[in-house]
């Protein structure tokens with residue numbers, strides 16, 4: 001285990017270094033922006049005196065390194081300050097938005113992984129069948145089509161033409177506000193169907209293709225013959241084979257959730273889902289920098305954390321991995 | 001990769017043949033855009049009586065109808081192929097060149113150079129691309145050049161890692177020892193002996209680069225962070241989305257989306273066929 005501990009420490013140190021780099025890049029970005037943040041916040045009614053006081057309040061008159069250190073401390077403590085245009089603190093807003101984004105991503109990912117695994121494993125097991133070929137071809141097409149266009153199409157057909165499903169939003173105005181209230185509300189599920197399915201249509205392709213090819217590899221291995229020799233039924237053998245074929249999926253899932261934000265931003269805009277991605281785009285269009293900064297930082301943190309978890313999990317579930 | 005073998009692969013992969021034909025079609029469209037498109041990318045398609053045909057459905061006059069500002073959708077689509085090809089090619093070439101160079105140097109020299117360059121790729125991998133690109137563009141002026149630079153910044157990391165791994169294994173091969181014994185310097189070994197061996201692999205990432213580049217440009221433009229002066233498919237989708245054309249004017253929404261999907265899919269299919277030529281083991285599976 002000594003080797004593992006050293007590996008863990010090294011990976012943690014690496015992750016810490018990357019976080020610091022990203023924070024610094026963000027600091028430079030938001031410092032380099034043209035003009036003065038106060039110019040967005042103040043309007044013509046502000047006197048020069050008031051502007052100066054606001055600058056003092058924000059610490060904009062301090063030397064850059066004081067600002068930099070204060071910024072680092074605030075970011076590490078998740079103290080994101082106050083938005084320009086809303087009353088709650090940025091941290092409170094972020095908490096809300098992260099929850100909403102999870103309310104879309106988590107169900108979609110669960111469905112993708114579970115059904116993708118089943119479909120992929122079955123396709124790999126029945127290699128050469130019509131089912132396998134159809135599954136692979138469909139996955140390849142869905143994998144390469146831009147998911148935001150799929151989203152637009154789904155919206156056009158199911159919301160505007162057929163009027164089966166609501167065209168956007170998460171719950172109607174004045175609907176439930178808490179996590180459990182949301183989960184218990186049929187409105188939430190109705191709003192989730194379209195964006196959720198579009199997300200699944202893209203995310204399910206990875207598990208399908210991965211499980212199929214890893215199943216093909218496992219299928220030829222000796223331990224299956226061993227199990228057959230022991231007299232196990234074909235059904236039990238498929239289960240054993242699938243369990244082994246699942247290994248690469250673990251890393252894939254973590255990496256997948258990391259890059260999920262790419263498509264997530266687009267889907268949240270298309271379906272007006274009040275999540276982290278939509279908040280980022282809106283903050284950027286209104287030049288509300290505290291909010292944009294916090295959203296970007298949180299997305300980077302999630303990406304990094306998931307990559308780290310993927311690496312560690314892989315070692316934990318595959319006894320063949322050593323850290324020496 | 002000889003001609004007959006290439007045709008052979010195409011014969012066994014009808015999807016790659018279709019993809020190649022589609023790509024040729026898009027290239028022809030882009031090259032001959034001024035001849036094909038009846039109107040300019042931002043030109044209002046005035047009717048015979050100088051009226052502005054707002055949201056006109058497809059007709060013999062405007063094959064794919066018009067936008068809410070009376071612009072010809074078909075013309076915009078044709079001009080959009082130019083933007084797609086430019087963004088795709090430049091971002092792919094840029095990212096492959098940068099990634100290959102970094103991968104080669106990192107893998108060949110090892111030591112602290114490798115450490116520094118690989119930590120750099122770690123940082124690049126930790127940055128969620130689309131959100132990051134949105135922030136950068138919001139800070140600066142949106143322009144096509146900036147979009148291409150951002151895509152390069154996002155894409156080089158994968159190529160760098162793969163090429164580094166390849167270089168690591170190549171530099172221990174006998175032919176490299178032989179070159180060193182014959183007195184070749186580091187750079188000569190790197191660029192005359194190792195680089196030609198990794199280039200086919202780098203080339204695979206050109207396909208990935210074109211695909212990702214076009215997709216990201218479309219995504220950024222769709223979100224309203226694209227170059228407003230370049231009539232791309234993403235910009236068209238953005239305008240259609242904002243005008244609520246999904247409810248009223250399907251002919252404005254479908255063409256750019258379908259063109260984008262076909263283009264990306266075509267590149268993907270051809271890339272897969274090329275991968276198969278490169279790695280014959282894939283053929284068995």
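Structure notes:
- Any chance residue B:12 is under 30 Å from residue B:159 (Cα atoms) and either surrounded by fewer than 22 Cβ atoms within 10 Å (Cβ to Cβ) or in contact with a strand residue (DSSP E or B) (Cβ under 6 Å, 6 or more places away or on another chain) (or both): yes
- Residue B:113 vs. criteria in contact with a helix residue (DSSP H, G or I) (Cβ under 6 Å, 6 or more places away or on another chain), farther than 25 Å from residue A:305 by Cα and either more than 9 Å from chain A (Cβ to nearest Cβ) or surrounded by fewer than 20 Cβ atoms within 10 Å (Cβ to Cβ) (or both): no
- Lone qualifier among A:232, A:266, A:313 - being in the same structural domain as residue A:122 (by TED's automatic domain parsing) and at pLDDT 85 or above: A:266
- Selection within the stretch B:195-221 - over 16 Å from the mean Cα position of the chain (by Cα) and either assigned to a loop (DSSP other than H, G, I, E, B) or within 22 Å of residue B:267 (Cα to Cα) (or both): B:198, B:199, B:200, B:201
- Filter result for residue B:84 (within 14 Å of another protein chain (Cβ to nearest Cβ) and farther than 30 Å from residue B:51 by Cα): yes
- Which numbered condition residue B:19 misses (of (1) surrounded by 20 or more Cβ atoms within 10 Å (Cβ to Cβ); (2) in a loop (DSSP other than H, G, I, E, B)): (2)
- Single residue of B:234, B:224 found to be in contact with a helix residue (DSSP H, G or I) (Cβ under 9 Å, 6 or more places away or on another chain), within 14 Å of chain A (Cβ to nearest Cβ) and outside any helix (DSSP H, G or I): B:224
- Within the stretch B:120-145, being more than 9 Å from chain A (Cβ to nearest Cβ) and under 17 Å from residue B:215 (Cβ atoms) holds for B:133, B:144.
The values are calculated or read from the model by the stated rules, or taken from the named source; none is laboratory data. Everything quoted here is computed from the prediction, not taken from an experiment. As a convention, Cβ positions derive from the backbone with ideal geometry for all residues, glycine included, and neighbour counts pool all protein chains shown.
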